[in-house]
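See structure below.
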């Protein structure tokens, strides 16, 4: 049980359990449970960037984006202590680093029991089983009739309706709808090339570039 000194905050907290979202965006009609979240969302439409870096004067629409950006100046890597010795990427957890290393080695220890397809990460196997074999789509878009097997697919899809771009590059001012697009974009800044040819050791930033390269060996 949570306790509140102020009745206003108690009522606000109750609204979370009831699913109340009284604050509506006047641009895209999206609803929010808290006024501060609406104000944050509105900056996407208005272009307002109230948070400024005191070193290079770059501005950001979110305080957390500014904090990430400032690490460029300070060189801070405290939150990502595990570093890959092949491409120098850093990770917050050792298990994440272990999973990343498989992109270099090509190791795929997780195998689907139904079709024998192999995966480098357990979560990728789980996603595969839900999408390909169960074919259940319990997550329904509130804007259109599309349904999805995974919640994150639904969340990603709904951004096409709202116009939100929550994934921010901490090297430049670009924002992306999907995290995967941000990861690919960031390779233009850090020079990461995680996909290595097993025959000639050339490295590539994108998996499809590696696939195209493989054809030069196979003919």
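Every number here is computed from the coordinates shown, using simple stated rules; none is lab data. Quick caveat: nothing in here was measured; it's all calculated off a predicted structure. Neighbour counts are summed over all protein chains in view; Cβ atoms, including those assigned to glycine, are modelled from backbone coordinates with ideal geometry.
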task: Highest first, please rank the peptides 174-180, 202-208 by the mean number of other Cβ atoms sitting within 10 Å of their residues.
output: 174-180, 202-208
message: If you consider only alpha-carbon coordinates, what radius of gyration and Dmax does the chain have, in Å?
response: 21.6, 73
- request: May I ask for the distance between the Cα centers of the stretch 131-168 and the stretch 31-102, given as a whole number of Å?
  value: 24 Å
- prompt: Hey, rough spin-label estimate for residue 58 and residue 23, points 7 angstrom out along Cα→Cβ, what's it come to in nanometres?
  reply: 2.7 nm
message: Contact order normalised by length for the chain, with contacts defined as Cα pairs under 8 Å and 6 or more residues apart; what percent is it?
response: 9 percent
field: For the stretch 166-219: relative contact order, % (alpha-carbon pairs under 8 angstrom, 6 or more apart)
entry: 21 percent
statement: Given a Förster distance of 35 Å, the FRET efficiency implied by the Cβ-Cβ spacing of residue 84 and residue 151, rounded to the nearest 0.05, works out to 0.75
- line: Taking the chain and counting helices only, DSSP H stretches of n ≥ 4 at -39,500 (n - 2.57) each over all residues, the nearest-500 ellipticity at 222 nm comes to -12500 deg cm²/dmol
- prompt: For the stretch 166-219, how big is the tail of P(r) above 19 Å, as a whole percent of Cα pairs?
  reply: 39 percent
